[in-house]
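The values are calculated or read from the model by the stated rules, or taken from the named source; none is laboratory data. A quick note: this is a predicted structure, and the numbers were derived from the prediction, not measured. Glycine also receives a Cβ, built like all others from the backbone with ideal geometry; neighbour counts cover every protein chain displayed.
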Amino acid sequence: MSFHLPKLPYEKTALEPYISRDTLNFHYDKHHQTYVTKLNELVEGTGFAEMELEDVIRETEGNKDFIGIFNNAAQVWNHTFYWHCMKKDGGGKPTAPLLKRLEESFDTYENFCFLFKQAALTQFGSGWAWLVEEAGALKILKTPNAETPLTKDVKTLLTCDVWEHAYYLDYQNRRPDYVDTFLNHLVNWDFVEKNLHS
């Protein structure tokens with residue numbers, strides 16, 4: 001068994017003008033593919049090569065002997081999840097009952113957006129902002145580098161990639177503009193709701 005680059009769930013122009021084809025050419029074809037290639041190199045001849053990706057991540061998390069495997073495996077998973085978090089004509093308020101769940105956990109949809117954006121902007125350096133469900137409540141997390149909620153006792157619902165390669169071609173150093181655009185025009189709330197009920 002070897003790991004493969006999953007197909008994007010849309011054409012590379014589908015997210016324009018918010019995420020350009022050029023960004024996806026680099027982010028998906030170069031960065032995501034590199035994580036897949038490196039992971040296959042690292043697990044070749046080991047028991048990890050026969051595991052599911054999620055199991056590789058859980059088995060190697062926190063083990064300094066397998067940090068390279070964890071980083072590449074987690075980045076493969078994180079990126080695959082991220083692509084599905086966006087869609088053409090996405091963003092804005094979700095419909096009920098998801099909107100109600102957000103309001104129950106964050107008082108208002110606007111407050112959810114504020115807190116999610118804060119998580120994305122205060123993640124120093126590279127990383128991710130996440131919406132998760134934990135013990136029946138929706139919560140916002142941020143993780144550095146390749147870390148992922150997949151290793152925690154939570155249900156992962158949504159992520160925004162705040163590594164520079166996710167936005168620099170389109171937004172330069174304007175991470176706040178990129179996160180605003182993600183929330184207002186790109187979020188695939190159907191995917192979030194599917195995750196919530198899975």
May I ask you to verify whether Glu16 is of a type in the set (Asp, Glu), in a loop (DSSP other than H, G, I, E, B) and either at pLDDT 95 or above or crowded, with 18+ Cβ neighbours inside 10 Å (or both)? yes
Among the residues of the stretch 78-98, what is the count of those that are under 23 Å from Lys142 (Cβ atoms) and either at pLDDT below 95 or over 17 Å from the mean Cα position of the chain (by Cα) (or both)? 4
Out of all the residues in the stretch 85-92, is one or more surrounded by 13 or more Cβ atoms within 10 Å (Cβ to Cβ) and assigned to a helix (DSSP H, G or I)? no
Tally the residues that are more than 22 Å from Arg174 (Cβ to Cβ) and assigned to a helix (DSSP H, G or I), restricting the search to the stretch 99-130. 10
Taking the criterion of being touching an Asp or Glu at 6+ places or on another chain (Cβ under 6 Å) and outside the structural domain of Ile69 (by TED's automatic domain parsing), would at least one residue in the stretch 170-188 satisfy it? yes
Out of (1) without any contact (Cβ under 8 Å) to a residue 40 or more places away in the chain; (2) in a helix (DSSP H, G or I); (3) surrounded by 16 or more Cβ atoms within 10 Å (Cβ to Cβ); (4) of a type outside the set (A, V, I, L, M, F, W, C), the odd one out for Lys194 is which? (3)
Output the qualifying pairs, or none if there are none: Cβ atoms under 6 angstrom, residues six or more apart or on different chains, first residue in the stretch 149-171 and free of Cβ contacts under 8 Å to residues at least 24 places away in the same chain, second residue in a helix (DSSP H, G or I) and surrounded by fewer than 20 Cβ atoms within 10 Å (Cβ to Cβ). Tyr171/Asp177
